[in-house]
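To start, the structure itself, in structure tokens.
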Amino acid sequence: QVQLVESGGGLVQAGGSLRLSCASSRSFFSLNAMGWYRQGPGKSRELVATISLGGRIKYGDAVKGRAAISRDNAKDTVNLLMTSLKPEDTAVYYCNAQHLGVDYWGQGTQVTVSS
């Protein structure tokens, strides 16, 4: 089992930035990867960014160039910084962790970008 606790999010103006953090109950070194996905109104869940145990990073096409994911091994936390936010970035952002072939999800945090 992996518990994920998310923080950050809220209401942001277009063009602004935000930082999301996700803390894992298990050591990052026991996980295959951690990252963030999002689900906007009426949309399916999509990749925002992930970082693997080996440090490989993937970004979703919609956020490339505007997102940066990093990890704090000492705190078993991944952080997501997003800049140049757009109204279409409005979504519930979910932290994800992969452990022994199983996906674990946080409860989600709402991000609303106002125009």
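Leaving ligands, DNA and RNA out of it, work out the accessible area of residue 103 with a 1.4 Å probe and give it in Å² to the nearest 10.
Accessible surface of residue 103 is approximately 80 Å².
Can you list the HN-Hα couplings for segment 49-55, worked out from phi with the Karplus curve (6.51, -1.76, 1.60; θ = phi - 60°), rounded to whole Hz and with x for Gly and Pro?
6, 9, 9, 8, 4, x, x
Ordering 46, 88, 6 by accessible area with a probe of 1.4 Å, largest first, what comes out?
The residues order as 88, 46, 6, largest area first.
Per residue, how large is the accessible surface of segment 1-97? Use a 1.4 angstrom probe and give square angstrom. Mind showing how you got there, number by number?
Details: 4740 Å² over 97 residues.
Spelled out: the 1.4 Å probe surface of segment 1-97, per residue, equals 49 Å².
Could you report the accessible area of residue 100 in Å², rounded to 10, computed with a 1.4 Å probe on the protein chains as they sit in the structure?
140 Å²
Excluding residues fewer than 8 places away in the same chain, name every one of the lysines whose C-alpha is closer than 23 Å to that of residue 43.
58, 64, 86
Sort 36, 105 by accessible area with a 1.4 Å probe, largest first.
Sorted descending by solvent-accessible area, the residues read 105, 36.
Quick one: putting +1 on the C-beta of Lys and Arg, -1 on the C-beta of Asp and Glu, what dipole do you get for the chain around its Cα centre, in Debye to the nearest 20?
So the dipole magnitude of the chain works out to roughly 160 debye.
With an 8 Å cut-off on Cα pairs and a minimum separation of 6 or more residues, tell me the relative contact order of the chain in percent. Mind showing how you got there, number by number?
Numbers: 293 pairs, mean separation 42.5, N = 115.
Once normalised by length, the contact order is 37 percent.
The values are calculated or read from the model by the stated rules, or taken from the named source; none is laboratory data. Predicted model only: the values in this text are computed from it and were never measured. Heads up, the Cβs are rebuilt from the backbone with ideal geometry, glycines too, and the neighbour counts pull from every protein chain shown. Each accessible area value is taken on the protein alone, full model and side chains, heavy atoms only, with ligands, DNA and RNA left out. Shrake-Rupley method; radii C 1.70, N 1.55, O 1.52, S 1.80 Å.
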